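Scroll down for the structure; my scribbles are underneath it.
The values are calculated or read from the model by the stated rules, or taken from the named source; none is laboratory data. Nothing here was measured: the structure is a model prediction, and the numbers come from that model. Cβ atoms come from the backbone with ideal geometry, glycine included; neighbour counts cover every protein chain shown. The accessibility values were calculated without ligands, DNA or RNA, using every heavy atom of the protein model including side chains. Shrake-Rupley method; radii C 1.70, N 1.55, O 1.52, S 1.80 Å.
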2 protein chains.
Amino acid sequence: MGIRALQKEKTRRALVDAAFNQLSAERSFSSLSLREVAREANIAPTSFYRHFKDMNELGLTMVDEGGLTLRQMMRKGRQRAEAGGSVIRISVDTFMEVLESNPNVFRILLHERSGTSAPFRGAVAREIEHFISELTHYTESTTQRHPALARVQAESLVTLVFNAGAAALDMKRVERKKLADQLVVQLRMVAKGAEALQKKQLPKVS
Amino acid sequence: MGIRALQKEKTRRALVDAAFNQLSAERSFSSLSLREVAREANIAPTSFYRHFKDMNELGLTMVDEGGLTLRQMMRKGRQRAEAGGSVIRISVDTFMEVLESNPNVFRILLHERSGTSAPFRGAVAREIEHFISELTHYTESTTQRHPALARVQAESLVTLVFNAGAAALDMKRVERKKLADQLVVQLRMVAKGAEALQKKQLPKVS
DNA sequence: TAAATTAGCTTACACATGTAAGCTCAAAAT
DNA sequence: ATTTTGAGCTTACATGTGTAAGCTAATTTA
């Protein structure tokens, strides 16, 4: 990589990081202006265009990058669970830790999921689909769950986790701990329910 | 009511309606400008202030009004269910009908729930709390569910319904029908799971 | 009937935005 | 060694914004 391409990559990262750093509970991506991001990254507004066609392109990059980050960290958490213990409990704890250390990564997914840009909603939906898909396969491989049911179960779980994540963003540590406990109950409830539905549909086995 | 107060009320309604009508998949409340809303309502921009302190006040009014509308329609649906049939099925169908005829009422709740204004998030949270509360009481009165469990169950149900509603907004009738069916399965799953957890915690009864 | 109130108007201002045009000068290619 | 490329810059412009100041005219109150 030439010295030139290297510097370009560095500036591009500065732009992405600047955008992520400007996100907060009070500030969504769509409320950021090109000029603000450029200012934070220490480049002239018009230089922005050397890296992204427009703000949308930057935002979509952030969604992709964010989804990837989140999935990687959740996978790490699942590995932790292989050593023993409740997968649900450990996954929830991992999720909450990720949320605490990377709130803005989760924020952009959360906000743009119900945002006003169809491309953004699509990008977030794709990321969530990855979560659901991974979880479906995990469930199929660790239980005797019927594929279609495993899928519905995974969708429910991911929905509940994301919803709790959204609530957690507004909370302090102590409340968050309580929320995590409630989430664990919710997830166990879904798991139990899926089990029950499975038995109902396949009574011949018992 | 004097002829003057009457006209004022009429203009106020025109403002609220104008704002609701400008909402769409591509347009959130926070992206509306005071001038746009005033234009749509056929008044001068500065006259807006005769009715609302600022755009936030208009928005919070819309959230309150929207939440009320939604709850009223869901209550009507529950009455329909008293005549017989699955409460879950009928409630889901009612919800989907409401969504189809009042998409923007749901949109503002959905979007501002994860928006950038704490007051808005609070207002939406309060509306959702009403839903959860009503559903918790309903569950307690129709089953022998433990209060705390009924609450967690209701939270899960409302979360899943809202999530499905968000997805439904981007869909056409046929897809929506499929989504409704999946949602019914999810809700039954939660109900079954709650039942199972209840029996587990109170094995002495059986 | 006279005075007070007020919904809605017009005009005006300062400000932030996206982005077009065109320059510079160091790195890369020839 | 010379030419080409391109990342980043400065300047400039048109547009939409929130809202302050102050007028008008019709309703309401006294």
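Tell me yes or no: at least one residue of the stretch B:63-81 is within 16 Å of DNA strand C (Cβ to nearest atom), farther than 18 Å from residue B:166 by Cα and surrounded by 14 or more Cβ atoms within 10 Å (Cβ to Cβ). Talk me through it step by step, then tell me what you get.
Here is the first cut: in the stretch B:63-81, the residues within 16 Å of DNA strand C (Cβ to nearest atom) are none.
Checking the stretch B:63-81: not a single residue is within 16 Å of DNA strand C (Cβ to nearest atom), farther than 18 Å from residue B:166 by Cα and surrounded by 14 or more Cβ atoms within 10 Å (Cβ to Cβ).
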State whether the residues of the stretch B:34-51 include one that is within 14 Å of DNA strand C (Cβ to nearest atom), of a type outside the set (Lys, Arg) and closer than 20 Å to residue B:124 by Cα.
-> no
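Return yes when residue B:53 is farther than 23 Å from residue A:186 by Cβ and more than 15 Å from the chain's Cα centre (by Cα) and no when it is not. Spell out the reasoning first.
Values: farther than 23 Å from residue A:186 by Cβ: yes; more than 15 Å from the chain's Cα centre (by Cα): yes.
Answer is yes for this residue.
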Here the residues within the stretch A:162-189 that are open to solvent by 20 Å² or more (accessible area, probe 1.4 Å), assigned to a helix (DSSP H, G or I), at the interface with chain B (Cβ under 10 Å from one of its Cβ atoms) and touching a residue at least 12 places away in the same chain (Cβ under 8 Å) are A:166, A:167, A:169, A:182, A:188
Considering residues that are in contact (Cβ under 8 Å) with a residue 24 or more places away in the chain and assigned to a loop (DSSP other than H, G, I, E, B), the number found within the stretch A:28-38 is 1
When residue A:60 is run through (1) open to solvent by less than 40 Å² (accessible area, probe 1.4 Å); (2) part of a helix (DSSP H, G or I); (3) more than 8 Å from DNA strand C (Cβ to nearest atom), the failure sits at (1)
Going through the stretch A:20-52 in order, the residues found to be loosely packed, with under 14 Cβ neighbours inside 10 Å and away from chain B (no Cβ under 14 Å) are A:21, A:35, A:42, A:44, A:45, A:46, A:47, A:49, A:50
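Results for (1) in a helix (DSSP H, G or I); (2) touching a helix residue (DSSP H, G or I) at 6+ places or on another chain (Cβ under 9 Å); (3) more than 29 Å from residue B:23 (Cβ to Cβ); (4) modelled with pLDDT of 95 or more, shown as yes or no for each residue.
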| position | (1), (2), (3), (4) |
| --- | --- |
| A:109 | yes, yes, no, yes |
| A:121 | yes, yes, no, yes |
| A:144 | no, yes, yes, no |
| A:149 | yes, yes, yes, yes |
| A:152 | yes, yes, yes, yes |
| A:160 | yes, yes, no, yes |
Filtering the stretch B:152-161 down to residues that are free of Cβ contacts under 8 Å to residues at least 24 places away in the same chain and either under 10 Å from residue A:193 (Cβ atoms) or within 9 Å of chain A (Cβ to nearest Cβ) (or both) yields B:155, B:159
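Is it true that some residue in the stretch A:77-84 is of a type in the set (Asp, Glu), under 30 Å from residue A:189 (Cβ atoms) and without any contact (Cβ under 8 Å) to a residue 24 or more places away in the chain?
Of the residues in the stretch A:77-84, the ones of a type in the set (Asp, Glu) are A:82.
After this cut, where a residue has to be under 30 Å from residue A:189 (Cβ atoms) as well, the list is A:82.
Subset that is without any contact (Cβ under 8 Å) to a residue 24 or more places away in the chain: A:82.
Yes; the residues of the stretch A:77-84 include at least one that is of a type in the set (Asp, Glu), under 30 Å from residue A:189 (Cβ atoms) and without any contact (Cβ under 8 Å) to a residue 24 or more places away in the chain.
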Given the conditions (1) within 15 Å of DNA strand D (Cβ to nearest atom); (2) under 24 Å from residue A:169 (Cα atoms); (3) of a type outside the set (Gly, Ala, Ser), every one holds for residue A:68 apart from (1)
Cβ pairs under 6 Å, 6+ apart or interchain, first in the stretch A:39-65 and modelled with pLDDT of 95 or more, second surrounded by fewer than 13 Cβ atoms within 10 Å (Cβ to Cβ), ordered by first then second residue, are A:45/A:35
Within the stretch B:1-11, restricting to residues that are touching a helix residue (DSSP H, G or I) at 6+ places or on another chain (Cβ under 9 Å) and more than 9 Å from DNA strand D (Cβ to nearest atom), the one that is farthest from the other protein chains (Cβ to nearest Cβ) is B:8
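Using the structure shown, decide if residue B:98 is farther than 26 Å from residue B:182 by Cα and open to solvent by less than 50 Å² (accessible area, probe 1.4 Å). Step through it out loud before you land on a result.
On the way: farther than 26 Å from residue B:182 by Cα: no; open to solvent by less than 50 Å² (accessible area, probe 1.4 Å): yes.
The answer is no for residue B:98.
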Reported set for the stretch A:101-123 where residues are under 17 Å from residue B:166 (Cα atoms) and open to solvent by less than 30 Å² (accessible area, probe 1.4 Å) is A:108, A:109, A:110, A:111, A:112, A:114, A:115, A:117, A:120, A:122, A:123
Of (1) surrounded by 15 or more Cβ atoms within 10 Å (Cβ to Cβ); (2) touching a Pro at 6+ places or on another chain (Cβ under 8 Å), residue A:55 satisfies every one except (2)
